[in-house]
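In what follows, a structure is listed as C-alpha cells, so that the remarks can point back to it.
The values are calculated or read from the model by the stated rules, or taken from the named source; none is laboratory data. Nothing here was measured: the structure is a model prediction, and the numbers come from that model. Positions of Cβ are generated from backbone atoms using ideal geometry, with glycine treated the same way; all protein chains shown enter the neighbour counts.
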Amino acid sequence: MALPITVLSHGIWDAFHFGHLLHLQQARTFGDVLIVTLTVDRHVFKANRPVFKQHQRVAMLRALAIVDEVRVFDDPGPEAPIRFYKPQIYVKGMEHIGKLKEQTLLESFGGKVRFTFDPGAPRSRTMKLLRHFANASKATQES
C-alpha cells in the first residue's frame with residue numbers, strides 16, 4: 001500500500017478570494033493530504049496588511065472541506081513549513097514561476113513544485129478593492 005501524497009501550500013492567505021479557492025482546489029488534486037500553512041501577522045510586510053488577523057485567516061482556511069490541516073508558522077518564509085512537513089508536492093500560483101527560492105530545499109529531499117493556473121485572475125480585482133478601502137480609511141482618519 002502506497003503512502004499518501006502530501007501537498008503543501010504556504011502563503012499569507014490574507015483577503016481570501018476566489019483565486020485562492022481555485023488554487024487550493026487545484027492543489028487538492030495533486031495528492032491525498034492538503035496542508036496549508038500561513039505566515040504570522042508580524043512577518044507580513046505589505047502596506048496596510050494583513051487585512052485579516054492570523055486567527056481569522058486560519059478560521060477561513062479551516063472552514064474549507066478540501067483542506068486537511070492548517071498551521072501558522074512564526075517564520076517570514078516557507079522554509080520552516082517545508083522542513084517540518086517535507087511534502088512530496090509544494091504548490092504555488094503561476095505568478096511565482098521562476099521566483100521560488102525554496103525549490104532547492106524541496107528538491108534536497110525529493111519534493112517537487114507544482115503550479116496552479118487561475119484563468120480568471122481575480123486577485124488583481126481584489127487587490128484594487130483593498131487599496132481603495134485602505135485609501136478611503138486613511139482619508140477618513142486624516143479629516
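Going through the stretch 1-32 one residue at a time, which ones are surrounded by fewer than 16 Cβ atoms within 10 Å (Cβ to Cβ) and among the polar types (S, T, N, Q)?
The answer is Q25, T29.
Pick from Q103, Q88: which is under 15 Å from L8 (Cα atoms) and at pLDDT below 95?
Only one candidate passes the filter, namely Q103.
Which of the residues belonging to the stretch 42-89 are basic (K, R) and outside any helix (DSSP H, G or I)?
K46, R49, K53, R71, K86
Would you point out the residue of the stretch 17-64, among those that are without any contact (Cβ under 8 Å) to a residue 12 or more places away in the chain and of a type in the set (S, T, N, Q), that is nearest to F115 (Cα to Cα)?
Only one residue tops the list, namely T29.
Do you know which residues across the stretch 1-48 are closer than 16 Å to A63 by Cα and of a type in the set (A, V, I, L, M)?
A15, L21, L22, L24, V33, L34, I35, V36, L38
Read through the list (1) of a type in the set (K, R); (2) part of a strand (DSSP E or B); (3) without any contact (Cβ under 8 Å) to a residue 12 or more places away in the chain, then give the number of the only condition that K92 fails.
Among (1) of a type in the set (K, R); (2) part of a strand (DSSP E or B); (3) without any contact (Cβ under 8 Å) to a residue 12 or more places away in the chain, K92 violates only (3).
Got at least one residue in the stretch 113-131 being out of contact with any His (no Cβ under 7 Å at 6 or more places or on another chain), modelled with pLDDT of 90 or more, in a helix (DSSP H, G or I) and not hydrophobic (A, V, I, L, M, F, W, C)?
no
Against the definition (in contact with a Phe, Trp or Tyr (Cβ under 9 Å, 6 or more places away or on another chain) and surrounded by fewer than 18 Cβ atoms within 10 Å (Cβ to Cβ)), how does V36 come out, yes or no?
Answer is no for this residue.
Looking only at residues in the stretch 44-55 that are surrounded by 15 or more Cβ atoms within 10 Å (Cβ to Cβ) and out of contact with any Lys or Arg (no Cβ under 8 Å at 6 or more places or on another chain), which one is nearest to L105 (Cα to Cα)?
Of everything passing the filter in the stretch 44-55, V44 is nearest to L105 (Cα to Cα).
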